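A short write-up of the structure that comes next.
All of the numbers you see were taken from the coordinates with simple rules; none came from a lab. Remember, predicted model here, so these are calculated numbers, not experimental data. Cβ sites come from the backbone with ideal geometry, for glycine too, and all protein chains shown count toward neighbours.
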Amino acid sequence: MSALDAVLSQIDRDFDQSVERLFALLRIASISTDPAYKDQCRAAAEHVAADLDTIGFTTEVRPTAGHPVVVGKANGATGPRVLFYGHYDVQPVDPLDLWKTPPFEPRIETLPDGRRIIVARGACDDKGQAMTFIEACRAFHKVTGKLPVPITTMIEGEEECGSKNLFGFVRDNADEFKLDLALVCDTAMWDQRTPAVTTSLRGLVYEEVKVTCADRDLHSGVFGGAAQNPLRLLAKILGAMWDDEGRVTIPGFYDGVKDLPADIKADLAALDLTEDKFLGPIGLKHSSGEKGRLLIEQITTRPTAEINGLIGGYTGEGAKTVIPGEAKAKVSFRLVGEQDPHKIRDAFRAFVRARLPTDCKVEFGDFGAAPAIQLAYDNPALGKARTVLAEEWGNKAVTVGAGGSIPIVADFKNVLGMDSLLVGFALDDDRVHSPNEKFDVTSYHKGIRSWARILDALARG
């Protein structure tokens, strides 16, 4: 029996205890955004640190201006030095009355289709996912007495409220965390049987724009037909951001956007994500994205522009015949490839200003800008991960882009100079951030086995 086979057997034998260890973490109400749970967040950090201490790590609970970061180090092994990132904090549980059972009393339930699931807040995001990695390390430590590669952990407590203190923590300690590869377990599988490696995360620019015309709201019967209406003006300007092909018309918007390699695009096409499958469940039939692009490209690997809110004038009950003096909109852009978020922001503002009448004015509010992340398709770690994930799950591991963002991953690249390998085991029906959050028992079990295989593959070089 090879060392890996022995480790996998240990994972199987110890799985019931792995579930109990996860339950112990899930019972801690580590809601990071609510100051009332500060002590619980500290308790979760100390719990994780104490657990890591038992499996070969030297750990510290490092302070930040907010919740602490658990830093664990296990040296002595050879091979690439890896940084594992996860988070112990969770989302609030509201609305509480929609939970079938208390959110911090984890339980196992059997679904009508026979799947067994772990139900609790944080079961998937991210306590269950982080524990897949920790349990894989535990099995190696039990069987071999050491970990297969040098591992440093960075398990934070503020991901669910923006990781606002982690960025400074990474920059202040950059020399310590400049390793060879970051490992992240906070993403999803393609489906219940198909593993996935997330190779890109879209960046984000979020802007508020306020257009002011008259110096007050006006009687539409007196001024209508002569006075500029800022709602109509803003709607016209924003509507001009797309052409009839669904492409964004802001000059320079697609600078840094590259087409997918042919083999990767073929893999995505083979997943057969149709409009009916994706849009049907939300009551829609037709995609509004770029024509000539796969639906999966539109939602993961292509940039987007969206109007998130349009506010102005009278919005109360009944009628009030006014022309508003001002109108606001909230607009976001999801970025890919090498798009520069600051250039996108400046180009959007120039686009608006160029269409503004001389007697109107505009103000902008900046709600954040983060670049996209793209893992090189020829990265050796990616190839190794895909190979061993296929061995574990029995299906080819697909490479997919994520439509959302994990902003700290950008700092791993831009500040620490590391690529990130993002492998997760969440499913579409895990109800992340919602009542009755779950994590499939199979996802947890095979997730542990998957990380064992990935660590072994990295160690073998």
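Structure notes:
- Cβ-defined net charge surrounding Thr78, 11 Å radius [Lys, Arg +1; Asp, Glu -1]: +3
- Averaged over residues, the count of other Cβ atoms within 10 Å places the peptides 382-391, 287-296 in the sequence 382-391, 287-296, highest first.
- Structure note, pairs Lys396/Lys438; Lys127/Lys384; Lys291/Lys328; Lys265/Lys343; Lys291/Lys320: Cα-Cα distances above 31 angstrom occur for Lys291/Lys320.
- Computed over the stretch 46-184, the ratio Rg/Rh where both radii use C-alpha atoms and Rh is Kirkwood: 1.02
- In the stretch 4-102, the alpha-carbon atoms span a convex hull of 139 Å³ per residue.
- In this Cβ point-charge picture (+1 for Lys and Arg, -1 for Asp and Glu), the stretch 59-185 has a dipole of about 560 debye about its Cα centre.
- Rg [Å, one decimal], Dmax [Å, integer] - the stretch 129-175, C-alpha atoms: 14.2, 39
- The residue among Thr249, Asn379, Gly72 whose Cα reaches farthest toward the positive pole of the charge dipole of the chain, with charges on the beta-carbon of Lys, Arg, Asp and Glu, is Thr249.
- Rounded D (µm²/s) - the stretch 194-296, Kirkwood Rh over Cα pairs, Stokes-Einstein at 20 °C, 1.002 mPa s: 118 µm²/s
- Rounded to 10°, Cα long-axis angle of helix 441-460 versus longest principal axis of the chain: 70 degrees
- ³J(HN,Hα) computed for each position of the stretch 231-245 - Karplus, 6.51 cos²θ - 1.76 cosθ + 1.60, integer Hz, glycine/proline x: 5, 5, 5, 5, 4, 5, 4, 5, x, 6, 6, 10, 9, 5, 8
- At q = 0.08, 0.12, 0.14 Å⁻¹, base-10 log of I(q)/I(0) for the chain (Debye sum, equal scatterers on each alpha carbon): -0.53, -1.09, -1.37
- The stretch 236-325: equivalent-ellipsoid semi-axes (sqrt of 5 x gyration tensor eigenvalues, Cα, Å): 34, 19, 9
- Kirkwood-type hydrodynamic radius, the stretch 360-461: 16.4 Å, calculated from all non-identical alpha-carbon pairs.
- The chain: angle of helix 127-144 to the longest principal axis, Cα-based, in degrees nearest 10: 20 degrees
- Formal net charge of residues neighbouring Ala227 (Cβ-Cβ distance under 12 Å; K, R +1; D, E -1): -1
- Measuring how big the stretch 54-100 is from its alpha-carbon positions, Rg and Dmax come out at 16.6, 51 Å.
- The charge dipole of the chain, taken about its Cα centre with unit charges on the Cβ of Lys, Arg, Asp and Glu (plus for the first two, minus for the last two), comes to roughly 420 debye.
- Per-residue Cβ neighbour rank within 10 angstrom, fewest leading, Met131, Met154, Met1: Met1, Met154, Met131
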